[in-house]
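Remarks on the structure that follows.
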Amino acid sequence: MDYTIKDSTLHHDPASFKVHDSRDSALKVGIVRDVYQAYTEEIKYIVEIQQSNITVPVVCSLMTRWGGVQNFEEYGLRTYKGSSTTDNMGAAYKTYDTKVGDVVIVAFLQGNYRDGVILGGIRHPARKPEMTADDITYRSQYNGIETTITDKGAYRVTNKAILSQTLSLAVPGLPVPPAVFNPTVAGSYFELGDDGSWTVTDNLQQTLKIDKTSQKTTITSGKCSITLDFLGLTTAIEAPKITVTGKISTDIVAPMINMEAKISAKLKATKIAIGNDAFELIDGLIQLIDALGTSAVMSPNGPCNPLNTVPSWPQVLMLKAKLTAIKGSL
């Protein structure tokens, strides 16, 4: 009798390795049918795969880029609400291009169909590719939020504003309809340009742009625009109407400020100060009224009485009182 212990990797017993050899370690393409939360609080997906022309639902976990406690990533996949009754309506409806769920690649841990892992997604047959070989280098869309990156490094996030999901519009056996977007909301985006500039806009009439190349910040709302120069040379305000309201203070400090109104300009405040540290305009007008009041006009017959003695001088004093009431300090 031979009692030699043989190396099982070279001389394995077919009976002992029957279960191991029967496991299928191949990757499968499937479509996400449903989602639920397991007792472990982990999100699980029911993925429909085809095995020997038979539809097999598999419970799968979602693989992410990070699996730590502090480093993690969570996102949801779009599901296709199907049933065994509707799935058997016809072979055409079994194909993935008539179902709106995400198409994914599934691997099985240790070849066990009860322990699937979603490795990632591939292009759904019902969606036409949007990128070309000479196009931008990255494009993605998740729940109507589109992200793009150009080959020069410009990064943009756009709100496409999905109004009605294709999930509720799909008809068994018919092609998956495209998503419907809200035109009154869609188009807003923010962009980090390839030159380091930053833009936030509704893509209609409102824009905030920090231009790193020209070192200027521009705020635009319709025909109204405010440009702030980083170099401190000028602050230009051009608009048919600009309203600045501040309960405490609204300060604009710059070496030079140019303001031009094509129709009218209005400055309203309880106290107003115009000038510099050496001279304030309203205070100068008050002093000018006092000086004029004590001045005597010279006539051919000699000096006249001071102006503050004429009957109409009280009207000048009323104007002085109004100027004193609004005089501020710098």
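Can you tell me which of G82, G116 is over 26 Å from the mean Cα position of the chain (by Cα), buried (at least 16 other Cβ atoms within 10 Å of the Cβ), assigned by TED's automatic domain parsing to the domain that holds V35 and modelled with pLDDT under 75?
Working: G116 fails: modelled with pLDDT under 75.
Just one listed residue meets the conditions, G82.
Are any residues in segment 37-57 part of a strand (DSSP E or B), in contact with a strand residue (DSSP E or B) (Cβ under 8 Å, 6 or more places away or on another chain) and modelled with pLDDT under 90, and if so, which ones?
The first filter runs over segment 37-57 and keeps only residues part of a strand (DSSP E or B), leaving 37, 43-51, 54-57.
Now drop any that are not in contact with a strand residue (DSSP E or B) (Cβ under 8 Å, 6 or more places away or on another chain), which leaves 37, 43-51, 55-57.
Result: E48, I49, Q50, Q51, T55, V56, P57.
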Across segment 270-295, which residue is surrounded by the fewest Cβ atoms within 10 Å (Cβ to Cβ) among those that are among the hydrophobic types (A, V, I, L, M, F, W, C) and in a loop (DSSP other than H, G, I, E, B)?
A278
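Residue-wise test of (1) in contact (Cβ under 8 Å) with a residue 60 or more places away in the chain; (2) under 27 Å from G144 (Cα atoms); (3) in contact with a Pro (Cβ under 9 Å, 6 or more places away or on another chain).
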{"site": "V32", "(1), (2), (3)": "yes, yes, no"}
{"site": "I46", "(1), (2), (3)": "no, yes, yes"}
{"site": "S52", "(1), (2), (3)": "no, no, no"}
{"site": "V58", "(1), (2), (3)": "no, no, no"}
{"site": "L62", "(1), (2), (3)": "no, yes, no"}
{"site": "N71", "(1), (2), (3)": "no, yes, no"}
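The values are calculated or read from the model by the stated rules, or taken from the named source; none is laboratory data. Everything numeric in this text was worked out from a predicted model, so none of it was measured. All Cβ positions, glycine included, derive from the backbone under ideal geometry; neighbour counts span all protein chains shown.
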